[in-house]
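The values are calculated or read from the model by the stated rules, or taken from the named source; none is laboratory data. Given the structure is predicted, the values throughout are model-derived calculations rather than measurements. Heads up, the Cβs are rebuilt from the backbone with ideal geometry, glycines too, and the neighbour counts pull from every protein chain shown. For accessibility, only protein heavy atoms count, side chains too; no ligands or nucleic acids. Shrake-Rupley method; radii C 1.70, N 1.55, O 1.52, S 1.80 Å.
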Amino acid sequence: MSKAVAAIKAEIAKKQAEVDALKKALAALGGSSAASGRGNRKPRSEAQKKKISAALKKAWAERKKAEKKAG
């Protein structure tokens, strides 16, 4: 392997290590999307929760009915 190729590969490895270190620092600060999770959502009212729950129950019932009919 030529010296140029070896130098480029070494530089790539060095930069990759820097990127990994920066990603870890970002995650530690809570700036990463994976680290932040769902903490930025607004709380839902009871009425909204009930409406969502009813819609999900209806969808689940329809899916169960369709599965029974098919199987």
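Some observations on this one:
- Once the 1.4 Å probe is applied to the protein heavy atoms, the chain comes out at 97 Å² accessible per residue.
- Total formal charge among the other residues, if their Cβ is under 13 angstrom from that of residue 11, Lys/Arg +1 and Asp/Glu -1: +3
- Estimated [θ] at 222 nm from DSSP helical runs (n ≥ 4, -39500 (n - 2.57)) normalised by residues in the chain, nearest 500: -27000 deg cm²/dmol
- Size-normalised alpha-carbon gyration radius of the chain, reference 2.2 N^0.38 Å: 2.28
- Candidate cross-link partners of residue 69 among the lysines, defined by an alpha-carbon separation under 21 Å and a same-chain spacing of 8 or more, comprise 57, 58.
- Angle between the chain longest axis and helix 46-70 axis [Cα atoms, degrees, rounded to 10]: 80 degrees
- Cα-based helix-to-principal-axis angle, 3-29 vs the chain, degrees rounded to 10: 40 degrees
- The length gained on full extension between residue 47 and residue 59, counted as 0.36 nm times the residue separation minus their Cα-Cα distance, comes to 2.5 nm.
- Surface share of carbon and sulfur [accessible, 1.4 angstrom probe, percent] for the chain: 60 percent
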